[in-house]
Amino acid sequence: VGCQFLALATGIIVMALMGMFNVHRHGSMNTAAILLYALTCFVSGYVSANFYRRIGGDKWVWNIILTTCLFSVPFFVIWSIINSVAWYHNSTQALPFSTVLLLMIIWLLVGYPLTVIGGIFGKNWAISFDAPCRTKNIPREIPPVPWYRSAFVHMLIGGFLPFSAISVELYYI
C-alpha cells in the first residue's frame, strides 16, 4: 500500500505543478485523487504479490484480496458514516448518493481488477528471496535493553514532546 500512496502523491503533485487543478472547482483534487488511487492499484497488487511470493507464501489469492480491501474498506466505512452525518445535517459538503455509487463503481470496475492483474504479474515475475546478510541456524542471545530504551521511557518522551509544543502554543493564544 505504501508504494501505491507514493505513486498517488507523485501523480497529484505533478498534476498540480502542471496547473490541472482549477481554484473554482473544489472537488477536482478529490476526483483526481480517487482516479489516481484506482489507477495505481496495479502497483499495490504487483508489489504485494511479488513480496508475498518471495517470502514463500502460497495463498496469493487471499493476499490480493487483503491488499485491495485492507485500506479501502475501512476508509469507505468511516467515510460513509461521516457522509451520512453530513446528509442528516443537510451540509453542502455531503456527496450525493449518485456520486457515492459512482465511486463504488470506479473501485469495483477499475481498482479491484487492476489489483488482481498487478497481483498476477507480481506472483509470476517473483524471483527467489536472497537475504542481504548471511543467516545462521543457531540463534544468538539478545542482550538486555538499557533503561533509556525501554517502552516506558519512549512513552514518556513521546507524550511529553507533543504536550510541551501544544502548551507553548496555547500559552501564546
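The values are calculated or read from the model by the stated rules, or taken from the named source; none is laboratory data. The structure displayed is predicted, hence computed values, not measured ones. Neighbour counts are summed over all protein chains in view; Cβ atoms, including those assigned to glycine, are modelled from backbone coordinates with ideal geometry.
For the stretch 53-73, filtering for residues that are in contact (Cβ under 8 Å) with a residue 60 or more places away in the chain and within 21 Å of ALA131 (Cβ to Cβ) leaves 4.
Could you pull out the residue among VAL61, VAL43 that is part of a helix (DSSP H, G or I) and surrounded by 18 or more Cβ atoms within 10 Å (Cβ to Cβ)? Break it down stepwise before answering.
Numbers: VAL61 fails: surrounded by 18 or more Cβ atoms within 10 Å (Cβ to Cβ).
Step by step, each of VAL61, VAL43 is checked, and only VAL43 is part of a helix (DSSP H, G or I) and surrounded by 18 or more Cβ atoms within 10 Å (Cβ to Cβ).
Conditions first: (1) at pLDDT below 80; (2) over 23 Å from LEU101 (Cα atoms); (3) surrounded by 15 or more Cβ atoms within 10 Å (Cβ to Cβ). SER48 passes all but one, so which condition is the exception? Answer for SER48: the failing condition is (1).
Yes/no per residue for (1) β-branched (Val, Ile, Thr); (2) without any contact (Cβ under 8 Å) to a residue 12 or more places away in the chain:
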| site | (1), (2) |
| --- | --- |
| ASN83 | no, no |
| SER91 | no, yes |
| THR99 | yes, yes |
| LEU108 | no, yes |
| ASP130 | no, yes |
| ARG140 | no, yes |
| ALA151 | no, yes |
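Looking at the stretch 99-147 only, could you name the residues that are β-branched (Val, Ile, Thr) and more than 21 Å from the chain's Cα centre (by Cα)?
Within the stretch 99-147, the first condition is being β-branched (Val, Ile, Thr), and the residues that meet it are 99-100, 105-106, 110, 115-117, 120, 127, 135, 138, 142, 145.
Residues satisfying the conditions are THR99, ILE127, THR135, ILE138, ILE142, VAL145.
Taking the numbered list (1) of a type outside the set (A, V, I, L, M); (2) part of a loop (DSSP other than H, G, I, E, B); (3) closer than 30 Å to LEU36 by Cα in turn, PRO132 passes all entries but (3).
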